[in-house]
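Data first, discussion second: the structure below is written as structure tokens.
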Amino acid sequence: MTASEGRTAPTTAGPLAPSGSAEEITHDSIMRRTAERPRRGWRKAIYSATGGRYNPGISVAEADRNALLRRIRRQLPGPHRIAVSSIKGGVGKTTVTACLGLTLAEHRGDRVVALDANPDAGTLADRLTGETHVTVRQMIEKIDDIDSLTAMSRYTSLAGRLQVLASDQDPAMSEAFNRDEYAKVCAVLSRFCNILLTDSGTGLVHSAMEGTLALADALVVVGAPTVDGASRASKTLDWLAAHGYQRHVENAIVVLSQDRASPEVDGDAVFDHFAQRCRAVHSVPMDPHLSAGGRIDLDSLREPTRTAFLEIAASIADDFPTR
């Protein structure tokens with residue numbers, strides 16, 4: 001066979017359709033399958049001990065995790081604003097915001113920022129960095145001077161790769177954080193960061209929450225598999241639907257925190273209720289590290305908890321726009 005005669009495509013793959021485009025030629029579509037390099041557990045130990053000469057491949061659990069990471073790393077063409085909300089306090093809303101922000105920041109290559117918009121001296125920065133001396137109030141006062149990432153970063157602290165903007169710790173001052181000011185802060189953060197998570201505080205009627213909902217691209221509603229925790233999460237969705245946010249309800253992700261759970265409650269019934277109302281439902285298992293209420297470190301979480309937040313982050317990324 002001469003070079004000009006070419007080769008016939010393998011019958012197992014099938015020829016490209018005449019109407020096909022270059023988009024069909026991807027790594028996954030034309031590369032032969034080989035065993036992936038294991039990066040966890042005994043499989044990694046064997047691979048390393050043999051200098052890579054013996055590759056046992058990856059486990060089902062690691063393959064599932066890699067699939068989640070591919071979803072989380074989906075390309076994002078512009079800023080994406082995520083509101084984390086609940087009509088009820090004490091269900092883990094700040095914890096979910098913190099862990100989701102840490103997960104997205106760790107596994108993506110772009111910039112992720114978490115903003116505490118709680119009007120009641122929120123604790124997001126306490127849970128992530130402990131830095132609360134510089135707050136959103138100082139940013140608002142100098143907002144017209146912020147013209148670069150460096151200037152923006154003067155008002156944030158870092159938890160790993162996650163940038164954190166603290167709420168004002170004086171509740172009287174926090175009440176002045178209104179819809180217009182939130183919009184200005186959001187505009188600045190969105191210029192320099194790809195993903196903005198807002199811990200919107202308890203309740204739905206304060207001014208900052210109005211701004212949060214108006215600008216949100218995605219909504220996470222936090223509840224619990226208890227009578228009050230589930231009913232309040234469902235009432236959050238009812239309120240949103242009644243006030244013109246039906247799109248947010250249908251596209252919402254509901255997170256059920258298992259820190260408060262009871263064998264007397266039918267957890268499957270709670271899960272099914274929200275699955276019929278929203279795009280996705282996830283459960284976060286009880287975790288001693290989170291229950292302590294202190295500084296959050298992803299490495300200190302139990303494996304099922306880390307996996308739960310990978311699944312939540314993947315559901316968020318599934319809704320990223322393509323263009």
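Structure data summary
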read-out	value
Relative frequency of Cα-Cα separations exceeding 24 Å in segment 77-318, percent	40
For D168, residues with placed amide H under 5 Å, excluding near neighbours	V136, R137
Local electrostatic count at T103 - Lys and Arg +1, Asp and Glu -1, tallied over other residues with Cβ under 13 Å	+2
Extension reserve of the A183-S48 stretch, reckoned as 0.36 nm per residue once the Cα distance is removed	43.5 nm
Residue-by-residue Karplus 3J(HN,Hα) for segment 98-104, coefficients 6.51, -1.76, 1.60, Hz, glycine and proline x	5, 5, 5, x, 4, 5, 5
Length-normalised contact order of segment 77-318 in % [C-alpha pairs under 8 Å, at least 6 apart]	26
For segment 282-295, 3J(HN,Hα) per residue [Karplus equation, 6.51 cos²θ - 1.76 cosθ + 1.60, θ = phi - 60°, Hz, x = Gly/Pro]	9, 10, 10, x, 4, 9, x, 5, 6, 5, 5, x, x, 5
GluC sites (Glu not before Pro) within segment 250-323, DSSP loop, no more than 16 other Cβ atoms inside 10 Å	E264
Neighbour-count order for M286, M139, M152, fewest beta carbons within 10 angstrom listed first	M286, M152, M139
Length gained when the stretch R323-S291 is fully extended (0.36 nm per residue, less Cα-Cα span)	7.6 nm
Whole-Hz couplings from phi, Karplus 6.51/-1.76/1.60, listed for segment 303-311; x for Gly and Pro	4, x, 6, 4, 5, 4, 6, 5, 5
Cα shape, segment 187-301, gyration tensor, a/c 1.5 rule	oblate
Linear extension gain, R191 paired with E141, 0.36 nm per residue minus alpha-carbon span	16.2 nm
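Here, each number is a calculation from the coordinates, and none is a lab measurement. Remember, it's a predicted structure, so these values are computed and weren't measured experimentally. Cβ atoms come from the backbone with ideal geometry, glycine included; neighbour counts cover every protein chain shown.
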